[in-house]
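Inspection log for the structure reproduced underneath, given as structure tokens.
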Amino acid sequence: MFDLDEIYSVSSFLSLCNKTVENNIPTCWLQGEISNLARPASGHWYFSLKDNRGQVRCALFRLNQRNIKFTPENGMEVLVRAAPTLYEARGDFQLIIQHIEPIGAGNLNLAFEQLKSQLSKEGLFDSIHKKPLPEIVNTIGVISSSTGAVIQDIIRVLHKRYPFAEILLFDSVVQGEGSEIKLAKAIEAADQTNRCDVLILARGGGSLEDLWAFNEESLARVIFATNTPIISAIGHETDTTIADFVADVRAPTPSAAAMLATPDRLEILSSLDKLTALLQQHARQYQQHQQAQLDLLKLRIPTPDKTINYLSQQLDYLSHRLTTSAISRVSNDESRLSTLYATLKQHSPKEHIRHSIELNKLSVHQLNQQINKTISDNTNILDSLKNRLNNSSVLMVDRYKNSLSIHANTLNLLSPLSTLSRGYSITTNVENQVLSSIENIDKNQMISTRLSSGIIHSKVVKIEKN
């Protein structure tokens, strides 16, 4: 026999096992390879941690992913800190991951390389998207911390190199949690002002952790979407961030960024001296050319006598052309007048009326001829039709007479009177029904017998059957 108190339900047994596992196996560190990685819509990560002799199921919940910078992948060797437990719904032993980091490369280094590879494949680093720096700079926007030494270095370089530019500082936190969001907002604000000709994103040197805000994907995409050309000056020359790859130009230091954004004042002054000398040279050459043109025009100015003679000759020529033109004009007008008179005469109302009367007379004559011809033709047709009608009537009467005679003879042959004339008779009862059998008559009934010469009424006295 067995003790009923020792019988467990499945759920109770699994709950007991779970408590035993959680109370007796401590949180520990494990090293293994990731496989069967799944990322459902809930945001939790599920995978197996294995080595060459075994494997265990693992769950990494979303709240424990906040400090993870890299993306786990199948086949990746990792070190995890996990608490063992039993998933009672399926009876599966599993580990609840509290922390995970890659073996070999550090967490941040791996996250940096993964994001760099991803954005490079998307084309965010391609040179085709890089905007050129403007040649003329009036306003420079600086995205940095107002309390750091970076902004002072930039101001000092710009005052010495190019004091003509206005500097707009867009203050932002450049380190710590949430700093990438504030940097992104500062860049967007600087870009949306439409006042800056170029932007400088600057920060002093530091560790990879200190500079990590400039390696965030959200900040990289904001830099890529900026319409204003942007220079990245993050850390020292050896420091490299994702922002450096996305920016239009990378400067090794914030001071170098200020030099890249503006021309050198001494170079401008030297260029100005050269342009001044070149302008003076062109001005002298232009003045000499204009003086030569003026001298040439003086030679071409005619004397008063020559002008009068020329104008007199022009007057004679124009007078002759005027006379010739007037004669030709009068001749053309006379010719046109004659043509118009002839045309008007042709369109005179008198001529039109006379022509219409003649046309009407001709029409009346043609109409009378047509009427007479029509009457004559119809009279001939009528006479022909009358003769045909008379002939047809005679033929039809004769044909009907013959047909009537034939039908009369046929009717006479079929008539009962003709049968009676040969000695036959027809007997009917009082209802005038023909008696064809003795079955249709009884004794003492009245009958009528029709002969060819008359009718005999009699009474049935006796009936004999054949």
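Observations on the model:
- Qualifying residue in the range 54-77 (condition: more than 25 Å from L219 (Cα to Cα), at pLDDT below 85 and surrounded by 12 or more Cβ atoms within 10 Å (Cβ to Cβ)): yes
Residues checked against (1) touching a Lys or Arg at 6+ places or on another chain (Cβ under 6 Å); (2) outside the structural domain of S15 (by TED's automatic domain parsing); (3) free of Cβ contacts under 8 Å to residues at least 12 places away in the same chain; (4) part of a strand (DSSP E or B):
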{"residue": "V56", "(1), (2), (3), (4)": "no, no, no, yes"}
{"residue": "N67", "(1), (2), (3), (4)": "no, no, no, no"}
{"residue": "Q94", "(1), (2), (3), (4)": "yes, no, no, yes"}
{"residue": "I100", "(1), (2), (3), (4)": "no, no, no, yes"}
{"residue": "S120", "(1), (2), (3), (4)": "no, yes, no, no"}
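- Hits in the range 28-42 (condition: free of Cβ contacts under 8 Å to residues at least 24 places away in the same chain, farther than 20 Å from T85 by Cβ and either of a type in the set (D, E) or exposed (fewer than 10 other Cβ atoms within 10 Å of the Cβ) (or both)): A41
- Checked against (1) in a loop (DSSP other than H, G, I, E, B); (2) at pLDDT 80 or above; (3) surrounded by 10 or more Cβ atoms within 10 Å (Cβ to Cβ), Y424 passes all but condition (2).
- Residue check for K160: crowded, with 16+ Cβ neighbours inside 10 Å and either in contact with a Leu (Cβ under 8 Å, 6 or more places away or on another chain) or not in a strand (DSSP E or B) (or both): no
- Against the numbered list (1) outside any strand (DSSP E or B); (2) exposed (fewer than 12 other Cβ atoms within 10 Å of the Cβ); (3) touching a residue at least 24 places away in the same chain (Cβ under 8 Å), A111 comes up short only at (2).
- The condition (being of a type in the set (G, A, S) and surrounded by 10 or more Cβ atoms within 10 Å (Cβ to Cβ)) is satisfied by just one residue among S453, S393, S436: S393.
The values are calculated or read from the model by the stated rules, or taken from the named source; none is laboratory data. Please read these numbers as outputs of a predicted model, since none were measured by experiment. Neighbour counts run over all protein chains shown; Cβ positions are idealised from the backbone, glycine included.
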